[in-house]
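**Student:** Below is one structure. I have some questions about it.
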Amino acid sequence: MLEQLEQFKTQADKAITSANTLQELRDVEVHFLGRRGKLALLLQQLRDLPQEERPAAGARANELKKDLIAALAHRAESLKGGTPASTSHVLDITWPGERMPYGHIHPLTRFLRLVTSIFSSMGFEIIEGPEVESTKYNFDLLNIPKDHPARDVWDTFFVRSPEGVKSAEGDLVLRTHTSPMQVRAMETRTPPVRFIVPGRVYRHEATDASHEAMFYQCEGLVIDRGIRVTDLLGTLKIFLQTLFEKKVKIRVRPEFYPFVEPGLDIDMSCLLCDGKGCPACKQSGWMEMMGSGMVHPKVLTNMGVDPKVYSGFAFGLGIDRLMMLYFGIDDVRLSYQSDMRFLEQF
Ligand code: PHE
C-alpha cells in the first residue's frame, strides 16, 4: 500500500509540473484528488488492509493529500502570473530594506553616566569595588563593630564562602553600601584624594514604591588638609544644581552613621509633587537623597591617614531615587522589571 502511495505521488508531481494552463491543472486535480480520483480509490483500499497497517498508510495518504494541494496552488499561482515556475521569484533590489528594531541604554545607566560625568568635571576620580564584600570592610573598618546595634540598619545577605576557605576578613556579605570602598581605595592612595564609587548594593528589604532589595549608590570621598562641612554642603549643592539645571532646595538633618562625625542626612524637595506630598516621597514633600558627614577619625586611622593632619567628608547618594526625581518616575521597582512599556519611554 505504501508503495502504491509513493507511486501516486510521483505521478501526481509529474502531472502538476507538466500542466501548462490552468485548465490542464484543473484536470490534473480532478484526476488525482477528485471524488472518483486516484487518491479516493487508494483510500477505499485502506479498508481492506490488516488492522495494524492502516494507521501508517492513512497518515501517509493524508500527508500526500496536503502536499498535493499545496503543489497545485503553487503551480496555479505561477500559471496565473504567466511565468514559468522556475523564474517566478523576482528580486527587486530597489525595494526598501526592513527596519531593524534597536535598543538603547537603560535609563538607570544613562542617569549614572550623567552623575559620574558631573563629578568627573569637578575633578573626582571614578572607581568601582566588589559587590561581594567581607564584613571587615563592610562593617569593622567603618567603625561598626560586631554585635553593635548599628549593624541592624544594614541588614543583609550573607554569602557562603567556598568549602574550607576561611577568610581573615570575616564572613562574606553582599555589600550593603558603597562605603567599604572608602577604606579599600585608600589602601592604594594617599591624600589629597577626591573620588566617587558608583555601584550596586543590597539590603534585606521588603520592596515598595521607594525600596528595593538591590539598588544603586554612589559613594563620594574627599580628603585633604582643612576640609570642612561647608565643603561638603557646597559640593553637593553644586552637584544637584548641575544635575537638575536649576536652583534646588536642600534640607540638612543630623543623622547617626558610625563612620562619620558629625553625620548629616541631605534631603531635597520632591520634584515630582513640588513638596506637596505624593507616594514617591511618602507624602512628606521631601526625598532623602543621601547620607553624609565628616569622616570619623577612627576611619581615617583605618585608612592609614593621620586625623591630626587631614580631614575629609564622605557621602552616599541613592542613585535610584535621584533618577526617579530626574525622570519623574513614581515607582522604583519599574527600573528592574524589564517592562518594555516602561523602557520605551526613554
Ligand atoms: N553608607 C551609608 C548608607 O548606605 C550612607 C553614607 C555614606 C553616610 C557616606 C555617610 C557617609 O546608608
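Every read-out reported here was derived from the displayed coordinates using simple, explicitly stated rules and does not represent laboratory data. Treat the numbers as computed from the prediction; the structure is a model and nothing was measured. Positions of Cβ are generated from backbone atoms using ideal geometry, with glycine treated the same way; all protein chains shown enter the neighbour counts.
**Student:** With +1 on the Cβ of every Lys and Arg and -1 on the Cβ of every Asp and Glu, and nothing else charged, how large is the dipole of segment 251-346 about its Cα centre, in debye rounded to the nearest 20?
**Tutor:** I would put it at about 180 debye.
**Student:** Run the dipole for the chain about the Cα centre, Lys and Arg Cβ at +1, Asp and Glu Cβ at -1, nothing else charged, and hand back the magnitude in debye, nearest 20. Each step should come with its number before you reach the end.
**Tutor:** Numbers: 42 positive and 45 negative charges, 121 e Å.
Result for the chain is approximately 580 debye, rounded to the nearest 20.
**Student:** Ok, one more. Mind checking which of HIS177, THR109, MET214 is farthest towards the positive end of segment 107-343's charge dipole, using Cβ charges of +1 (Lys, Arg) and -1 (Asp, Glu) about the Cα centre?
**Tutor:** Towards the positive end, the residue furthest out is THR109.
**Student:** For segment 2-80, state the semi-axes of the equivalent ellipsoid (square roots of 5 times the eigenvalues of the alpha-carbon gyration tensor), sorted largest first and rounded to whole angstrom. Can you show the working numbers first?
**Tutor:** Numbers: eigenvalues 134, 25, 17 Å².
With the √(5λ) rule applied to segment 2-80, the semi-axes are 26, 11, 9 Å.
**Student:** Ok, one more. Projected onto the charge dipole of segment 4-83 (+1 at Lys/Arg Cβ, -1 at Asp/Glu Cβ, origin at the Cα centre), which of GLN23, GLN44, ALA59 gives the Cα projection farthest towards the positive end?
**Tutor:** About the Cα centre, the residue reaching furthest to the positive side is GLN23.
**Student:** Taking 0.36 nm per residue of sequence separation and subtracting the Cα-Cα distance, how much length would be gained by fully extending the chain between LEU49 and THR21, in nm to one decimal? Show your work: numbers first, answer last.
**Tutor:** Details: separation 28, 0.36 × 28 = 10.08 nm, distance 3.78 nm.
Additional length available on full extension: 6.3 nm.
**Student:** So which cysteines in the chain don't have a second cysteine's C-beta under 4.7 Å from them?
**Tutor:** By the Cβ distance rule, which asks for a partner under 4.7 Å, the isolated cysteines are CYS218.
**Student:** Moving on. With a cap of 14 neighbouring Cβ atoms within 10 Å, and only residues DSSP puts in a loop, list the GluC sites (Glu not before Pro) found in segment 246-346.
**Tutor:** In loop regions of segment 246-346 (DSSP not H, G, I, E or B), the sparsely surrounded GluC sites (Glu not before Pro) are GLU344.
**Student:** May I pose another question? Could you give me the ³J(HN,Hα) list for segment 173-181, computed from phi with Karplus coefficients 6.51, -1.76, 1.60 and θ = phi - 60°, whole Hz, x at Gly and Pro?
**Tutor:** 9, 6, 4, 8, 7, 8, 4, x, 6
**Student:** Can you pull the Kirkwood radius for segment 59-199, inverse mean 1/r over Cα pairs, to one decimal in Å?
**Tutor:** Working: mean 1/r = 0.0452 Å⁻¹.
So the Kirkwood estimate lands at 22.1 Å.
**Student:** How would you order 291-303, 227-239 from highest to lowest mean count of nearby Cβ atoms within 10 Å?
**Tutor:** Values: 291-303: 20.7, 227-239: 16.5.
Top of the packing list down: 291-303, 227-239.
**Student:** Note the count of lysine pairs whose C-alpha atoms are less than 20 angstrom apart in segment 2-80, limited to pairs 8 or more residues apart or on different chains.
**Tutor:** 9
**Student:** Could you give the radius of gyration (one decimal) and Dmax (whole number) of the Cα atoms in segment 107-343, in Å?
**Tutor:** 17.7, 56
**Student:** Eight or more residues apart or on different chains, and alpha-carbon atoms under 30 Å: count the Lys pairs in segment 244-314 matching that.
**Tutor:** Details: LYS246/LYS276; LYS246/LYS282; LYS247/LYS276; LYS247/LYS282; LYS249/LYS276; LYS249/LYS282; LYS298/LYS308.
The number of close lysine pairs in segment 244-314 is 7.
**Student:** Same structure again: Can you give the translational diffusion coefficient of segment 176-247 in µm²/s, computed by Stokes-Einstein from the Kirkwood radius over Cα pairs at 4 °C and 1.567 mPa s?
**Tutor:** Numbers: Rh = 14.4 Å.
Result for D is 90 µm²/s.
**Student:** Then there is this: For segment 225-271, what is the Kirkwood estimate of the hydrodynamic radius, computed as the reciprocal of the mean inverse distance between distinct Cα atoms, to one decimal in Å?
**Tutor:** Numbers: mean 1/r = 0.0847 Å⁻¹.
Over segment 225-271, the inverse of the mean reciprocal pair distance is 11.8 Å.
**Student:** Which value in deg cm²/dmol, rounded to the nearest 500, describes the helix-derived mean residue ellipticity at 222 nm for the chain, given -39,500 (n - 2.57) per DSSP H run of n ≥ 4 and division by the residue count?
**Tutor:** Values: 11 runs with 126 residues, N = 346.
Helices in the chain give a 222 nm mean residue ellipticity of -11000 deg cm²/dmol.
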